[in-house]
1. So if the hydrodynamic radius of the range 16-62 is defined as the Kirkwood radius over C-alpha pairs, what does Stokes-Einstein give as its diffusion coefficient at 37 °C and 0.692 mPa s, in µm² per second?
2. At R0 = 30 Å, how high is the FRET efficiency between residue 13 and residue 37 if r is their beta carbon distance? Nearest 0.05 is fine.
3. Springs between alpha-carbon atoms under 10 Å, Gaussian network over the chain: tell me which of 82, 68, 102 tops the mean-square fluctuations.
4. Sort 81, 55 so the one with the fewest other Cβ atoms within 10 Å of its own Cβ comes first.
5. Which of 79, 130 has the fewest other C-beta atoms within 10 Å, and how do the rest follow up to the most?
6. For the chain, what does -39500 (n - 2.57) per DSSP helix run (n ≥ 4), summed and divided by total residues, give at 222 nm, in deg cm²/dmol to the nearest 500?
7. What residue among 96, 58, 44 has the largest mean-square fluctuation in a Gaussian network model of the chain, using Cα springs under 10 Å?
8. Given a Förster radius of 25 Å and the C-beta distance between residue 56 and residue 30 as r, what FRET efficiency does 1/(1 + (r/R0)^6) yield to the nearest 0.05?
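Quick note: the coordinates plus some simple rules give every number you see, no bench work behind them. All values derive from a computational prediction rather than experimental measurement. So basically every Cβ, Gly included, is an ideal-geometry build from the backbone, and we count neighbours across all protein chains shown.
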């Protein structure tokens with residue numbers, strides 16, 4: 001018997017390339033073809049499921065509406081130390097009155113109330129009631145605002 005595996009070089013494919021390289025190329029082409037077949041499905045899943053869920057998760061922790069609607073109040077509250085147990089100063093209430101007056105004019109005070117209602121129940125109705133009351137205030141003469149907001 002003769003030994004046919006005792007060749008001196010690598011096994012060649014029909015086109016003359018080494019069989020190992022030819023097989024690797026064929027597998028790579030098969031994988032790419034399979035990926036291209038499922039690409040529309042992956043795109044559909046990303047658009048209809050993953051992106052909306054990621055957007056919902058982002059919006060659940062995003063809180064820009066308070067900072068955009070009440071900018072003076074946010075700045076005034078930075079100097080307040082809530083651990084002392086004291087109420088904020090009159091400057092905070094004055095800034096809040098100015099911001100609320102502008103928010104009522106722009107009709108965005110209810111959006112702030114809705115967002116803060118996620119944190120503490122009842123805030124949305126308080127913002128609506130404050131919006132109705134503050135629309136009649138004169139910011140130049142109706143101070144101090146601490147007592148005005150206490151009446152609301």
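1. Reported coefficient: 242 µm²/s.
2. 0.70
3. Ranking 82, 68, 102 by mean-square fluctuation puts 82 first.
4. The fewest-first ordering by Cβ neighbours comes to 81, 55.
5. Ordered by Cβ neighbours within 10 Å, fewest first: 79, 130.
6. -19500 deg cm²/dmol
7. 44
8. In this case the efficiency is close to 0.10.
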